[in-house]
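Each remark here refers to the structure printed beneath this line.
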Amino acid sequence: MKKVIIVLLMISSLLWGAQVTRVKWKSGEKFSSYLQSKHISLSVLKTLDELEEQVVGDIRSGQIFYELKDDKGTLLQALIPISSTMQIKLSKDTQSDKYRFSIVPIKFKDEKYFASVDISKNPWSDISKNTHNDKLTAQIKKALRNNISKLQKGDNISFLYTQKTLVGYLHGDPIMHVIKVTKGDKEQFVYIDDDGIGHKEPFETISYMTDSPRTAIFRETSHASISSRKFSMPVRNPRITSPFSYGRYHPVLRIYRPHFGTDFGVKRGTPIMSIGNGVVTYVGWLGGYGKAIKIQHSNGYMSIYGHLSGFRTTVGDVAQEGDVIGYSGNTGTSTGPHLHLGVYLNNSPIDPMSVLSEGSSIADKLLDKMSDAIGGGQVAQTKKIPIFNAEKYRDILESHISNKTPSYDWKKFESQRAQDQLDENFQ
Ligand SMILES: [Zn+2]
């Protein structure tokens, strides 16, 4: 019991008079110059492994991050997001006064909120005015498109959504779940799928026309799995030995380490193929990835192939999907021969398996055949889209409405911010 009290006293004295500020990562700022600007010894950099070095090199210009400073302005902690789920934590040890570097999960508050708005003037400004969360309006606009005729004075719109918050600030876009629109005595629900698109039924069968180029139509209804499989496998007979992960717990170091790619178990010397058409932008040694190749694809995609033994391409080459660009090996930080494949979208790592396919799917081939036969004409398709938890969310929304729950007002949240700031991220 005594111990607990002492620890609590230490935390409260550490945070006494401490303040959180929200900062933007300066354009082009290096992590080392950030440390220097805070009078932190660069020796902390020596504790970083190659992966962590890569992470600090990848902090984006304009990235929002949080600093906790004491009343003299000394940095106690900095929390710098590196992905949507992981963050760098730089913290001052109260005993040794030294700074510690770690990569830890971001602890969001992730809660559901309810709001009900009577339309009096303009529906969009009414929603913004009542909720003080402007991003809600855009989500609702998107969800109601093609489902609800114009909202008018006297109508009511009620909705249930999830909003993340982080150290006393709104974090990211709200996620809309279900909307109820009441026009006179007419009521209608709109259920929202993972893409933010609204549907009149919790299980919706939609018809759509494929056109030429069909990708434009598929993007509109982006549930089609065909459109998300953009690239092909980098090796034949792929066997995954380690998947992509934002936070892989390292049992020895006892820290979370991201794995920004997929590892394929392959024998040394296996031909490595480009996953798509693109331009080779890097061939050479790349830190922990050893001998590596980078290929820039269209639409902001980039692929990295690591731990290679040899190259069969040079910078500036145009690679076609399936071209052999090198051979697998065991170079860099690697415990055995394997291929590390990283895929990045607009410089952010994504799970390669979300965009890789083993050749074209049968549906894709059939669709191609049909489109070809009609000479790029239109083909009618139908698709059933399940919307997860649709009924459950509708029931929650209905109970809020019948209980006359007051709308959540984010202005109140802003005034409480000081209390929410020293949340568990800073412990
Ligand atoms: Zn890997």
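The values are calculated or read from the model by the stated rules, or taken from the named source; none is laboratory data. The shown structure was predicted, so the numbers you read here are calculated from the model rather than taken from an experiment. Here the Cβ is made from the backbone with ideal geometry for all residues, glycine too, and neighbour counts use every protein chain on show. Accessible surface is based on the protein model in full, side chains and every heavy atom, while ligands, DNA and RNA are left aside. Shrake-Rupley method; radii C 1.70, N 1.55, O 1.52, S 1.80 Å.
Number of residues in segment 245-261 that are modelled with pLDDT of 90 or more and more than 17 Å from the chain's Cα centre (by Cα): the value is 0. Note on segment 102-151: residues that are aromatic (Phe, Trp, Tyr) and open to solvent by less than 30 Å² (accessible area, probe 1.4 Å) total 2.
The set of residues in segment 278-305 being within 19 Å of residue 335 (Cα to Cα) and in a strand (DSSP E or B) consists of 285, 291, 292, 304, 305. Taking segment 67-83 as the range and being modelled with pLDDT of 90 or more and under 22 Å from residue 349 (Cβ atoms) as the test, the residues that pass are 78, 79, 80.
Could we say that residue 295 is within 12 Å of the ligand (Cβ to nearest atom), surrounded by 17 or more Cβ atoms within 10 Å (Cβ to Cβ) and of a type in the set (A, V, I, L, M) here?
Working: within 12 Å of the ligand (Cβ to nearest atom): no; surrounded by 17 or more Cβ atoms within 10 Å (Cβ to Cβ): yes; of a type in the set (A, V, I, L, M): yes.
It is false that residue 295 is within 12 Å of the ligand (Cβ to nearest atom), surrounded by 17 or more Cβ atoms within 10 Å (Cβ to Cβ) and of a type in the set (A, V, I, L, M).
Restricting segment 300-324 to residues that are in contact (Cβ under 8 Å) with a residue 60 or more places away in the chain and surrounded by fewer than 22 Cβ atoms within 10 Å (Cβ to Cβ), which is farthest from the chain's Cα centre (by Cα)? Step by step, filter segment 300-324, then rank; the result is 322.
Anything in segment 58-93 that is hydrophobic (A, V, I, L, M, F, W, C) and farther than 15 Å from residue 107 by Cβ? List them, or say none. Lay out the reasoning, then the answer.
Of the residues in segment 58-93, the ones hydrophobic (A, V, I, L, M, F, W, C) are 59, 64-65, 68, 75-76, 78-80, 82, 86, 88, 90.
Residues satisfying the conditions are 59, 64, 75, 76, 78, 90.
Return the residues of segment 286-299 that are among the charged types (D, E, K, R) and free of Cβ contacts under 8 Å to residues at least 24 places away in the same chain; say none if nothing qualifies.
Taking segment 286-299 as the starting set, the residues that turn out to be among the charged types (D, E, K, R) are 291, 294.
294 - this is the single residue of segment 286-299 that is among the charged types (D, E, K, R) and free of Cβ contacts under 8 Å to residues at least 24 places away in the same chain.
Mind checking which residues of segment 306-351 are more than 16 Å from the ligand (Cβ to nearest atom) and assigned to a loop (DSSP other than H, G, I, E, B)? Across segment 306-351, the qualifying residues are 312, 313, 314, 315, 316, 317, 320, 321, 322, 323, 346, 347.
Listed here are the residues, each with its yes/no results for (1) among the small types (Gly, Ala, Ser); (2) open to solvent by less than 40 Å² (accessible area, probe 1.4 Å); (3) outside the structural domain of residue 351 (by TED's automatic domain parsing).
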position	(1), (2), (3)
28	yes, no, yes
40	no, yes, yes
56	no, yes, yes
59	no, yes, yes
69	no, no, yes
73	yes, no, yes
93	no, yes, yes
96	yes, no, yes
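With respect to residue 204, determine if the residue is away from the ligand (no atom under 16 Å from the Cβ) and modelled with pLDDT of 50 or more. Criteria met by residue 204. Of the numbered criteria (1) touching a strand residue (DSSP E or B) at 6+ places or on another chain (Cβ under 9 Å); (2) closer than 28 Å to residue 412 by Cβ; (3) at pLDDT 85 or above; (4) surrounded by 13 or more Cβ atoms within 10 Å (Cβ to Cβ), the one residue 168 fails is (3).
Taking each residue of segment 258-285 that is within 15 Å of the ligand (Cβ to nearest atom) and looking for partners that are among the basic types (Lys, Arg) and not in a loop (DSSP other than H, G, I, E, B) with beta-carbon atoms closer than 9 Å, six or more apart or interchain, yields 258/248; 259/248.
Does at least one position in segment 339-352 carry a residue that is modelled with pLDDT under 85, at negative phi and not β-branched (Val, Ile, Thr)?
Within segment 339-352, the subset modelled with pLDDT under 85 is none.
Looking for residues that are modelled with pLDDT under 85, at negative phi and not β-branched (Val, Ile, Thr), one finds none in segment 339-352, hence no.
Residues in segment 171-201 that are in contact with a helix residue (DSSP H, G or I) (Cβ under 9 Å, 6 or more places away or on another chain), outside any loop (DSSP other than H, G, I, E, B) and open to solvent by 60 Å² or more (accessible area, probe 1.4 Å): 2 in all. For segment 52-91, a residue qualifies if it is basic (Lys, Arg) and not in a loop (DSSP other than H, G, I, E, B), and the qualifying residues are 69, 89.
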